[in-house]
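Take a look at the structure set out below.
The values are calculated or read from the model by the stated rules, or taken from the named source; none is laboratory data. Given the structure is predicted, the values throughout are model-derived calculations rather than measurements. For neighbour counting, all protein chains shown are included, and Cβ atoms are generated from backbone atoms with ideal geometry for every residue, glycine included.
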């Protein structure tokens, strides 16, 4: 009885009576308020702001950031109509509702209704106080009155939207909306809104996956109130009543888990991480990756990456078929694991050969037994095909021609080009040798995406990145545009896998030594896609070849891109693009290791000197001069012919645009000399 009297006295004082107002003002002003800045879970979103992955707060609760504007207005209207119809008018306590609650308590001897406003509920949730104890109710009143003095109504509503309990470890409207309906709160229906209004009143006993009938009754009670105060018509309520109650608790989105974990680890204090990834494409690639290993060795893993090579933005990155599959090492991000690239580096070797003026796509090369100081490479099938064109050698991925060409270029040249592409190759031991042509080097899938991105962009490096809004990285040229065009033209002629469409996709496969890694990389005018399959522990996968295992997945990945195959860039101008072998200059008709003949020495460019800077003037031609060597001479600028079959040792270069480049001269015996210099505008 004493507690009821005390409660009634306090209510009278709060409602204002004479000198009690002064005491009330001081009482409110002296309130020790709880923190109103809430911890919310870190979220990772895609390029369009759609949720990829969310993380719980420290105590394991799901509480996601949300704004009032991001919630369906119907939900807000229903909430106020059902919980606190005079919310906009009171100062934290609704006198009418509180008086009714007190009268019911006095007349019945028990608490029938709490008379709590939304502000009082926020006060309770902030401090986690009880709902029925007198001391707790008084504390809620005091905190509610104090909150109304420092926060706007929208601020108070926003706090409620974060704190309301929705069963288990679910807090706040956004976590609840995703858990029970799989949608963001801006897309709630009337039936869904009504359930989420009712659920916080009894989050355990009305939990829909456990007590669906109690949830249905509570939801319909809210819908009844919505006809009178919530702005819904009877027809709308009738439709909402027959909507099903959710039977299961949905898992939170967990797309791109490897990338999300890495981004959060890099910036642990950042609340939201926006990525370049496209959510829908990522989901499709994750399904494709899981399907690729279905029914195979349970220890087999796979990875897929999709990149926009114009911007370097990663659109999808799948590090494993299942992040939680321990048998497959699902927690290991295979897009960043150091692996052997197999034959996927061969296009770079041929590109450097084009740049150096040593070969043309129709140049004949020998596929015969060779021995380089004890290193005798073999083709995968242990067969020798005699003379083939460079085009055929690359399309069929022959080992011997690639190693022979690299022996002339030098492994250091290839390593330098890889680093220009942004790659960070790792050697097993010592210096780079000829074995790097066939995968005797460590690299990652991300680095190979950089390489193929540069090939797709006409030889220009690509600033691969995953965070949206990152400043572009300065690019540089890996190989000349003509050399890159040759490669794209050759690779687009590789026959597709069985049953795959012939769409002219430029692609290359690779298989590492011992069948440990299978690869496929392809590009069109917009995208680069990379595929890897193997075992994370490095064990062999007997009988696995990139052309048979990874290539079909590559074509399936391109089929899932929401675009028609984008044509590659048109060919740059050049005299030697479309001609056959017999029409080539003699030095380019057949390639073999360059060796001195007789007492002759190879050609040497004596002007312009190495690293010179020449002035580009309309009335002053650029002249080059060669010493030594045997005429006739063929001259190339950045791999493109500028003079053929020249008997004179001086030549006027047809160079009309400024830039840094490499001048190559090839004599009648196939020996080459080269200098790099810059042509600048005065």
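Exactly one residue out of 176, 194, 235 is part of a helix (DSSP H, G or I) and closer than 30 Å to residue 285 by Cβ, and it is 176.
A search for C-beta distances below 8 Å between a residue of region 577-593 that is outside the structural domain of residue 630 (by TED's automatic domain parsing) and on the phi < 0 side of the Ramachandran plot and any residue that is loosely packed, with under 15 Cβ neighbours inside 10 Å and assigned to a helix (DSSP H, G or I), counting only pairs 6+ apart in sequence or on different chains, returns 589/582. Counting only residues that are surrounded by fewer than 23 Cβ atoms within 10 Å (Cβ to Cβ) and out of contact with any helix residue (DSSP H, G or I) (no Cβ under 8 Å at 6 or more places or on another chain), region 163-178 holds 3 of them. When region 330-369 is filtered for residues that are surrounded by fewer than 19 Cβ atoms within 10 Å (Cβ to Cβ) and more than 19 Å from residue 427 (Cα to Cα), the ones remaining, listed by number, are 331, 332, 368, 369. Only one entry in 49, 17, 41, 60 is farther than 30 Å from residue 141 by Cβ and either over 26 Å from the mean Cα position of the chain (by Cα) or at pLDDT below 90 (or both), namely 60.
Yes or no: residue 146 at pLDDT 95 or above, more than 37 Å from the chain's Cα centre (by Cα) and either surrounded by 19 or more Cβ atoms within 10 Å (Cβ to Cβ) or not assigned by TED's automatic domain parsing to the domain that holds residue 77 (or both)? Lay out the reasoning, then the answer.
Numbers: at pLDDT 95 or above: no; more than 37 Å from the chain's Cα centre (by Cα): yes; either surrounded by 19 or more Cβ atoms within 10 Å (Cβ to Cβ) or not assigned by TED's automatic domain parsing to the domain that holds residue 77 (or both): yes.
Criteria not met by residue 146.
Per-residue answers, yes or no, for (1) free of Cβ contacts under 8 Å to residues at least 40 places away in the same chain; (2) part of a strand (DSSP E or B); (3) in contact with a helix residue (DSSP H, G or I) (Cβ under 9 Å, 6 or more places away or on another chain):
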| position | (1), (2), (3) |
| --- | --- |
| 343 | no, no, yes |
| 359 | no, no, yes |
| 383 | yes, no, no |
| 415 | yes, no, yes |
| 423 | yes, no, yes |
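Among the residues making up region 66-80, a single one is closer than 25 Å to residue 277 by Cβ and buried (at least 20 other Cβ atoms within 10 Å of the Cβ): 66. Condition check for residue 259 on (1) within 24 Å of residue 556 (Cα to Cα); (2) assigned to a helix (DSSP H, G or I); (3) free of Cβ contacts under 8 Å to residues at least 40 places away in the same chain: one failure, at (3). Residue count for region 526-538 satisfying the condition of being modelled with pLDDT of 90 or more and either farther than 22 Å from residue 506 by Cα or assigned to a loop (DSSP other than H, G, I, E, B) (or both): 5. Of all the listed residues (389, 413, 404), the sole one being assigned by TED's automatic domain parsing to the domain that holds residue 354, buried (at least 19 other Cβ atoms within 10 Å of the Cβ) and under 21 Å from residue 671 (Cβ atoms) is 404. Go through the residues of region 218-231 one by one and say whether even a single one is surrounded by fewer than 17 Cβ atoms within 10 Å (Cβ to Cβ), over 22 Å from the mean Cα position of the chain (by Cα) and not in a helix (DSSP H, G or I). Yes - at least one qualifying residue is present in region 218-231.
All conditions in (1) in a loop (DSSP other than H, G, I, E, B); (2) closer than 25 Å to residue 300 by Cα; (3) modelled with pLDDT of 90 or more hold for residue 508, with the sole exception of (1). Looking at 419, 450, can you tell me which residue is without any contact (Cβ under 8 Å) to a residue 12 or more places away in the chain, over 21 Å from residue 359 (Cα atoms) and assigned to a helix (DSSP H, G or I)? After applying the criteria, what remains is 419.
Scanning region 513-526 for residues that are crowded, with 24+ Cβ neighbours inside 10 Å and either outside the structural domain of residue 494 (by TED's automatic domain parsing) or under 18 Å from residue 439 (Cβ atoms) (or both) yields a total of 5. I'm checking my understanding of the structure. Among residues of region 256-276 that are out of contact with any helix residue (DSSP H, G or I) (no Cβ under 7 Å at 6 or more places or on another chain) and under 20 Å from residue 309 (Cβ atoms), which one is surrounded by the fewest Cβ atoms within 10 Å (Cβ to Cβ)? Of everything passing the filter in region 256-276, 276 is surrounded by the fewest Cβ atoms within 10 Å (Cβ to Cβ).
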